[in-house]
Structure formats: C-alpha cells, structure tokens
Amino acid sequence: MTISQNSAVFFNYTLTDKDGNVLDQTPEGQSLAYLHGHNNIIPGLEKQLEGKSAGDKLTAIVNPAEAYGEHQPEAIHQVSRQQFQGVDEVEVGMQFHSQTENGQMMQISVVNVSDDTITIDANHPLAGKQLHFNVEIIEVRDATEEEIAHGHIHGQGGVQH
Ligand code: ZN
C-alpha cells in the first residue's frame, strides 16, 4: 500500500545539510513512526513521502520554508546576565527551553557571553538550512481509529502511552 492520508508510516532516515554533514539519524533498528497528513513531521518531507511504499528509498531535499523556517536575525537577543540567575555557569553552546507568550515551546541557544550580557538565539537549530533526508520506508499500514483521533502513531517508534 502507498502512503496517503491517515497512513501509519515507519521509516529510517539520515539527515544531512547540503555539504553532507550528518545532523540527525534514526538509531540502528529503531524506525520513526508518524501519522501521514497530521503535521507530525515537517511539511516538505511529508509531501515527498506521499505515494511511496514499503521498501522505497529516496532522497528528499527540503528548503527552509518547508522545514524550520528562515534564520531570523531578530530572534537573536542580548539579555542581562541576571536573567540567568540560578544557572551556575553560562557557556556558549548551552541550550535552554523557554515558553513564548502564546505558550509555544522554543529552544534557545547561548551564542555569546560577556561580563554582564548574554546573547541568545531563539532560532531553531535547523532554521535557514536546506535539509537532505535519505529515507528508507520500512512499513506502511492503515492507522487505527484511536491513532487518527489522537493525531499520532502508537507503539514502537511512535508515542507510548
Ligand atoms: Zn495517543
């Protein structure tokens, strides 16, 4: 069967940037499961998996607009060191999770540290990057009614609850 709305899809991938540096990959023997058509994965990848079936291999190239967005210079801020009270040592490269005013979770990276200010970058780490996914489709099945109601796949590779 082919991937279409409400398919449960299990796949392995290696994600690289356009220069071939590996950014992420599924661990050996652990496929990722997602529910097709429910925004479980980035839109540019989901679109290119449509119509594929188990055993298919493909390279999907996804531009930032259909992945994690463009890198926004205004998402880089200087904040006072006092805002990091409770953190013993603030270092470049540290990552924090923070909640925006409308409740969205976002990841913040420390990009510069001086005596009294800290520069943080609220861009997603993959923002502005063209993503190259090497994908192998492992299994495609119909999602259960419960999975469709929840908007995700249950069990190994999906949501366990
Ligand atoms: Zn669920």
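The values are calculated or read from the model by the stated rules, or taken from the named source; none is laboratory data. Here the structure is a predicted model, which means the values were calculated and not measured. All Cβ positions, even for glycine, are placed from backbone atoms using ideal geometry, and neighbour counts span all protein chains on display. Calculation scope for accessible area: heavy atoms of the full protein, side chains included, ligands and nucleic acids excluded. Shrake-Rupley method; radii C 1.70, N 1.55, O 1.52, S 1.80 Å.
Comparison of Ser53, Ser7, Ser80 shows that the only residue that is more than 15 Å from the chain's Cα centre (by Cα), among the small types (Gly, Ala, Ser) and under 19 Å from Ala122 (Cα atoms) is Ser80. Taking the conditions (1) at negative phi; (2) within 16 Å of the ligand (Cβ to nearest atom); (3) within 21 Å of the chain's Cα centre (by Cα) in turn, Val111 satisfies each one other than (2).
Residues in segment 63-101 that are of a type in the set (Ser, Thr, Tyr) and more than 30 Å from Gln48 (Cα to Cα): Ser80, Ser98, Thr100. Pairs meeting the criteria (first residue in segment 62-74 and more than 13 Å from Asp121 (Cβ to Cβ), second residue in a helix (DSSP H, G or I), beta carbons under 6 Å, at least 6 apart or on different chains) are Val62/Gly44; Val62/Leu45; Glu66/Pro43; Glu66/Gly44; Ala67/Gly44; Glu70/Pro64. Figure legend. Inter-residue proximity from segment 82-94: first residues more than 13 Å from Ile108 (Cα to Cα), second residues in a loop (DSSP other than H, G, I, E, B) and of a type outside the set (S, T, N, Q), beta-carbon distance below 9 Å, spacing 6+ or different chains. Indicated pairs: Gln82/Asp116; Val87/Met94. Residue count for segment 2-18, restricted to those that are part of a loop (DSSP other than H, G, I, E, B) and either at pLDDT below 95 or open to solvent by less than 30 Å² (accessible area, probe 1.4 Å) (or both): 3. Is it the case that Gly151 is within 16 Å of the ligand (Cβ to nearest atom) and touching a Phe, Trp or Tyr at 6+ places or on another chain (Cβ under 7 Å)? No.
Residues that are at pLDDT below 95 and surrounded by 15 or more Cβ atoms within 10 Å (Cβ to Cβ) do not occur anywhere in segment 136-154.
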